[in-house]
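Derivation of every value follows stated rules applied to the coordinates shown; laboratory data play no part. On a predicted model such as this, the values are computed, not experimentally measured, just so you know. As a convention, Cβ positions derive from the backbone with ideal geometry for all residues, glycine included, and neighbour counts pool all protein chains shown.
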Amino acid sequence: MALSFFLKCLRRPFFWSIIRPLVCLYVSKERNRLFTLWVEFLCWVFKEAWKREKPVIWTNSFFPVEFIYGLGAIPFLPEIFAALVAYFDWTRGPISKGSLKTSTDLCSFYRCALGLEEYGVMPKPDLIISCSQICDGTKAFYQTMSESLGIPHLFVDVPFRKDENAKRYLKSQLEEIFHEAKNILGLKTSLEDLRKSYDMAKRTESLMREIAHLRKSKPAPFPGSEGMSYVSGMSFWSLGSERGLRFFEALKERIEKSVKERRGYLKEERFRVLWLHHIRPYYPNPIMEFLKEKGVAIAYEEANYPWWPERGGEEEDPLEDLTKKLLSNPWYGPIEGRLKLVRDLVLEYQIDGVIHFSHWGCRQSTGGASIVGDMVKSMGIPYLILPGDGADPDNYSPGQTLTRLQAFIELMERRWRFTRE
Amino acid sequence: MPLRLLPSSHEKEDVLLDPNFCPYVRALLAYFRSPRGIAGIVLVNSCDGMRRLYDALRRFSPDLFIYLLDVPRKSDEEAVKYFANVLRDFSHWLEELSQKKVDLEELKEKIRLYNFRRRAFLELLEKGPKMGEVLRVLKKGFPPDEGALLLIPLKEERGKTKVIISGSVLESEEVVKMVEDLGGEVVFLDVCSGVRGPSWVEEIGDPYFNLARAYLRKPPCSRSFDPKRRAIWERTIFEVGGVVFYTPKFCDHYLHELVTLRALCQRMGKPILHLETDYHPNISETMRTRIQAFFEKWL
């Protein structure tokens, strides 16, 4: 009874209007302005999406969300919503509902989203747009949703190759979906409107690059655990919006201050670690606290690296730039792209150890874990493959995980002693 | 000489790839641990598993000559143009491999020959062959040559219940044979190693473009972004008594599709049996029991 009342509340825009100042006030007690901005952003998205004054478009994390803001629609990202639900430790119910429809071998974020759809807590889309980056689920899950909800689905097939032929094919698809989305939603958006969100994204991205640069400082000025949580949430969901720009301005300000004061986020930083894969376990778990206690700073995480080339000048065609952005994704294409990225990050962030979080059900990332590991180890850097699950707390073994982490830290200590001698 | 790789050994690679990875991909990687006398390998950008296999093979067997064919998921004109250019690039790789120039006239001749085989194969399908035998022949490649077709026996009598077998790579024809032995009639072998090939390739004009169009517009699989797939599903499920859905473990495309398929079967009142396997050349006793129970209970 209470649950059904709560779920009903979640579907009311009025609820989000009321809850927004209250939640923001509550989280501001922690003096984390960034987290408050994230919460404020989420409340705004939910309010707008349930209000239904603007069309709601479901999309996957790696589809350029600025395209959706440019269309004049509200983007909704079920994958990130599933991570949010995990943060509140509420995924058990939705995952078990989702698993009944398919197999437990699938990515738990998608299974969770399947279940959440049944609870009716995700605002129904007017359109679904997804692209094939960076895993097979991005087409399959959204196609399944499109069929079960009876909602049109526009799909961008990003080629594996990165040559001129691939560029032409990709750009033609972006042009086509821009027009088709307008027709389906009855919007009169012009390319100029798209340019507005594109310019906003451009300004935000230059902040993201500055932040990535600032985070090279020693001691690590910003915790990677937060980088993989609301920071990556904002970079996937808010790019191209005014709120996104404000968030990254505040983030830059905070990191800049810490760097100036030479203040790290840990009291004593013993080792700097690079976290690979776009996710971490979001449900309550002791991993981050354990690393913190041992003086291990997550100096940077693969998830927040602004991988795409800087956008062109005023005259640049936004769709041309989005094409370049999609084609430059290092996680989609031959593994050499990711290897180069990891090597650069290890060197630039003065990394002492690399953790590859191998999320259950994620083939695209875990499939490359051994190859990445060989490269990292050849650089003389300790490397740990940490199997786990980002969304399903029942698929996580605390004892095993902490033992592995402990052994990894000992390895870094031995290397440290060895290099000192 | 093309050879379709469906290793028949139980061996799987567990070190280079995670154990929660497609067993077919791991079997292929294990297969290449020892020299096989294969000149070149063509992989298809079909799934995350194949993409990572492409990376792993290049990394750990650097002397192998490997090409990843980037097949689009769509089938519109832009996709066809893109794929035609990919095929052109592929022909350069073949030239390098064979040290021989690709002759366009010879390619057209091969298309004509294969069209002849496709026709013969479709004619055989209409006569009602034993599908287990069809699968055995198809494991070597599509379309099968005429000699192989002659060896496929026809069904002595039609099965009592029409069944569709769908899914990903079906490595064992025993599954099909068992369905047929239990009185089922397999009307459509909708699996990756089955009969989804194109029925015809245009013979006049640019052969690359013609091949690209034919292969992108053949019956779609779960990887394709093509509304035809659902239409085919609805039509075939309506005609059959039940569906056997066969997937190797961790096959994301098909496990996602299972959601839609289950809903469709439920709506149309047709039973569905999902068999998840670890890519084994032989059918397990558990699977036998499940297939038997499915027939006893529902068909």
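The set of residues from the stretch A:40-64 being of a type in the set (Asp, Glu) and not in a helix (DSSP H, G or I) comprises just one member, A:Glu53.
No other residue among A:Phe67, A:Phe5 is among the aromatic types (Phe, Trp, Tyr), assigned to a helix (DSSP H, G or I) and more than 29 Å from A:Tyr332 (Cα to Cα) apart from A:Phe5.
Just one of the listed residues (B:Lys140, B:Lys127) is more than 14 Å from chain A (Cβ to nearest Cβ), surrounded by fewer than 18 Cβ atoms within 10 Å (Cβ to Cβ) and either within 17 Å of B:Pro2 (Cα to Cα) or hydrophobic (A, V, I, L, M, F, W, C) (or both), and it is B:Lys140. Within the stretch B:199-209, restricting attention to residues that are crowded, with 17+ Cβ neighbours inside 10 Å and over 17 Å from B:Pro143 (Cα atoms), the residue that is farthest from the other protein chains (Cβ to nearest Cβ) is B:Pro207.
Remark: pairs (first residue in the stretch A:354-383, more than 11 Å from chain B (Cβ to nearest Cβ) and surrounded by fewer than 24 Cβ atoms within 10 Å (Cβ to Cβ); second residue β-branched (Val, Ile, Thr) and in a loop (DSSP other than H, G, I, E, B); Cβ separation under 7 Å; 6+ apart in sequence or on different chains) = A:Ile381/A:Ile351. Considering only residues in the stretch B:210-229 that are of a type in the set (D, E, K, R), crowded, with 16+ Cβ neighbours inside 10 Å and without any contact (Cβ under 8 Å) to a residue 40 or more places away in the chain, the one that is farthest from the other protein chains (Cβ to nearest Cβ) turns out to be B:Lys218. Candidates in the stretch A:78-122 are the residues that are surrounded by 19 or more Cβ atoms within 10 Å (Cβ to Cβ) and of a type in the set (Phe, Trp, Tyr); of these, the one that is nearest to the chain's Cα centre (by Cα) is A:Phe81. A:Asp89 fulfils the conditions (1) closer than 22 Å to A:Cys43 by Cα; (2) charged (D, E, K, R); (3) within 12 Å of chain B (Cβ to nearest Cβ) except for a single criterion, (3). Just one residue in the set A:Lys188, A:Lys171, A:Lys162 is of a type in the set (D, E, K, R), out of contact with any Cys (no Cβ under 8 Å at 6 or more places or on another chain) and more than 14 Å from chain B (Cβ to nearest Cβ); that residue is A:Lys188.
Applying the condition of being touching a Leu at 6+ places or on another chain (Cβ under 7 Å) and among the charged types (D, E, K, R) to the stretch A:254-288 and asking which residue is surrounded by the fewest Cβ atoms within 10 Å (Cβ to Cβ) yields A:Glu256. Scanning the stretch B:231-290 for residues that are within 11 Å of chain A (Cβ to nearest Cβ), surrounded by 14 or more Cβ atoms within 10 Å (Cβ to Cβ) and more than 19 Å from the chain's Cα centre (by Cα) yields a total of 5.
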